[in-house]
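Visitor: Dumping the structure here so I can ask a few things about it.
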Amino acid sequence: MCKGLAALPATCLKSAKDMKHRLGVLLQKSDSCDYSSSQGKKEKASPSQRVSQEEVKKWAESLENLIHHDRGLAAFRAFLKSEYSEENIDFWVSCEEYKKTKSPAKLSPKARKIYDEFISVQATKEVNLDSCTREKTSHNMLEPTLSCFDEAQRKIFTLMEKDSYRRFLKSPYYLDLVSPPGAGCGPESCRRTHAHSLDCNSNIISQCA
């Protein structure tokens, strides 16, 4: 130890060591906060990087454009799940898959599975159908065809188109994708950035306390 430091009282040296230690912890916290922020931005930006802005904007033109695109369908289902109504899109997708059935022998068991899951009175994911459509679909189960769910599927599509689809277009599930990367700081992004800065600062302040 140099003579200058040796001449200092032991309490001063201890305080200096404590301060150095706390400064190191504080810097680590700050780095961690910055890293978390960058990771969050990467995760949030990744969907828009995989889908062109032109394609995303087409989703706002019609529900059909949205749900016939894999990424659009996934985003819409995530939104419906947040509203506890994903049974509508699940039923629509099941009907689309059902219509691709090539073996006549598989029609009946597949149709029964869809009916039991979405339409019957004991359905685990019952969709909202009027009594007339439900009755007609039930009758179709006697001799299932590739079109036996067509009317019910159209009714659910119309229901989503008039209701949840419009809310989806105003939700972060869509707006976060339609905002071009690096488009600047809009009101919402600024609020999120400001809130994150406050969180980082409060962490640093608490460490200094």
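None of the figures in this text is laboratory data; all of them are computed from the coordinates on show. As the structure is a prediction and not an experimental result, all values here were calculated from the model. Here the Cβ is made from the backbone with ideal geometry for all residues, glycine too, and neighbour counts use every protein chain on show.
Visitor: Which whole-Hz couplings ³J(HN,Hα) result when phi for each residue of the range 161-175 is put into the Karplus expression 6.51 cos²θ - 1.76 cosθ + 1.60, θ = phi - 60°, listed in order with x for Gly and Pro?
Guide: 4, 7, 10, 5, 4, 5, 5, 4, 5, 9, 9, x, 4, 9, 4
Visitor: Also, quick follow-up: Just the C-alpha atoms of the range 117-163: what Rg/Rh do they give, with Rh taken as the Kirkwood radius?
Guide: Reported Rg/Rh, Kirkwood definition of Rh: 0.96.
Visitor: Give me the extension gain from Ala74 to Ser62: residue separation times 0.36 nm, minus the current Cα-Cα distance, reported in nm with one decimal. Working shown, then result.
Guide: Numbers: separation 12, 0.36 × 12 = 4.32 nm, distance 1.57 nm.
Separation in residues times 0.36 nm, less the Cα-Cα distance, equals 2.8 nm.
Visitor: Okay, moving on. So which of Lys58/Lys81; Lys136/Lys170; Lys102/Lys136; Lys81/Lys102 end up more than 29 Å apart by C-alpha? Write out the running numbers ahead of the final one.
Guide: Numbers: Lys58/Lys81 22 Å; Lys136/Lys170 35 Å; Lys102/Lys136 24 Å; Lys81/Lys102 31 Å.
Long pairs (Cα-Cα over 29 Å): Lys136/Lys170; Lys81/Lys102.
Visitor: How many nm separate the modelled label positions at Leu146 and Glu83, each set 7 Å beyond the Cα in the direction of the Cβ?
Guide: 3.2
Visitor: Right, another one. By how many nm would the segment from Glu96 to Thr124 grow when fully extended, if each residue of separation counts as 0.36 nm and the alpha-carbon distance is taken off? List each step's numbers first, then the result.
Guide: On the way: separation 28, 0.36 × 28 = 10.08 nm, distance 1.95 nm.
Taking 0.36 nm per residue and subtracting the Cα distance, the gain is 8.1 nm.
Visitor: I would also like to ask the following. Output needed for the range 46-125: three equivalent-ellipsoid semi-axes, defined as square roots of 5 times the C-alpha gyration tensor eigenvalues, in descending order, whole Å. Intermediate results must be reported in sequence, preceding the final value.
Guide: Values: eigenvalues 164, 53, 16 Å².
In descending order the semi-axes read 29, 16, 9 Å.
Visitor: If each residue of separation counts as 0.36 nm, what is the full-extension length gain between Ser108 and Glu54 once their alpha-carbon separation is subtracted?
Guide: 15.3 nm
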